[in-house]
Amino acid sequence: MQLLDYLDRECVCVDATPGDKASVLRRMVALVVKRGLVDSEERLLAALEHREEVVSTGIGNGVAIPHADLPEIEVPRLALGVFPEGVDFDALDEEPAYVVFLLIGTPRTPGLHMKILARIARLTKDEEFCSSLRGARNEQEALDALARIEARH
């Protein structure tokens, strides 16, 4: 399984604008809505915010994986945000997130949702994962960096 199989290439952003967790979630949700992957910006944002209230999705090593299930989603979808200035996602290691994967899952495939989360977590152990993505200057460079990393694993 490859993350690129679930990542919508129109839902990638490299954003040098500093922001907090809430503004980053809003920006990424707007990408997903603009692409037509979900109908309701409010419902997705509320689901993500609820998940963040339960426990932060900042997993450490410069990565966050905000995620939520929506019943109208047929297959899980990913969006990718690269934030070179970093975003405070309340990670356990207390370091900012530079790479944010937004995962929209479906209750119909909980196992696949977990496999995608596990895949991201495994890739973060690659020494070049965060630095390669963080160094991307545009969306295509971010996609190319992710493809190179995935090819090694």
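Filtering the range 17-33 to residues that are in a helix (DSSP H, G or I) and in contact (Cβ under 8 Å) with a residue 24 or more places away in the chain leaves Lys21, Ala22, Val24, Leu25, Arg27, Met28, Val29, Leu31, Val32.
Just a yes or no: is a residue in the range 68-75 under 14 Å from the mean Cα position of the chain (by Cα), more than 20 Å from Gln2 (Cβ to Cβ) and assigned to a loop (DSSP other than H, G, I, E, B)? Looking through the range 68-75, none of the residues is under 14 Å from the mean Cα position of the chain (by Cα), more than 20 Å from Gln2 (Cβ to Cβ) and assigned to a loop (DSSP other than H, G, I, E, B).
All conditions but one from (1) surrounded by 13 or more Cβ atoms within 10 Å (Cβ to Cβ); (2) touching a residue at least 24 places away in the same chain (Cβ under 8 Å) apply to Glu85; the one that does not is (1).
Looking only at residues that are without any contact (Cβ under 8 Å) to a residue 24 or more places away in the chain and of a type in the set (A, V, I, L, M, F, W, C) in the range 110-139, which one is farthest from Leu70 (Cα to Cα)? The qualifying residue farthest from Leu70 (Cα to Cα) is Ala118. When the criteria are applied in full, Ser56 fails the requirement of being among the polar types (S, T, N, Q), within 19 Å of His153 (Cα to Cα) and either out of contact with any helix residue (DSSP H, G or I) (no Cβ under 7 Å at 6 or more places or on another chain) or in a strand (DSSP E or B) (or both).
Listed by first and then second residue, the pairs linking a residue in the range 42-57 that is within 20 Å of Glu94 (Cβ to Cβ) to a residue that is in a helix (DSSP H, G or I), with Cβ atoms under 9 Å apart and 6 or more places separating them unless they lie on different chains, are Glu52/Lys21; Glu52/Ala22; Glu52/Leu25; Ser56/Lys21; Thr57/Leu48; Thr57/Arg51.
Residue count for the range 48-74, restricted to those that are in contact with a His (Cβ under 9 Å, 6 or more places away or on another chain) and either of a type outside the set (Ser, Thr, Tyr) or surrounded by fewer than 19 Cβ atoms within 10 Å (Cβ to Cβ) (or both): 5.
The helices (runs of 4 or more DSSP H) falling completely within the range 82-153 that include 2 or more residues that are among the acidic types (Asp, Glu) map to 139-151.
FYI, it's all coordinate maths here, none of it is from the lab. Keep in mind the model is a prediction, meaning the values are calculated, not measured. Neighbour counts run over all protein chains shown; Cβ positions are idealised from the backbone, glycine included.
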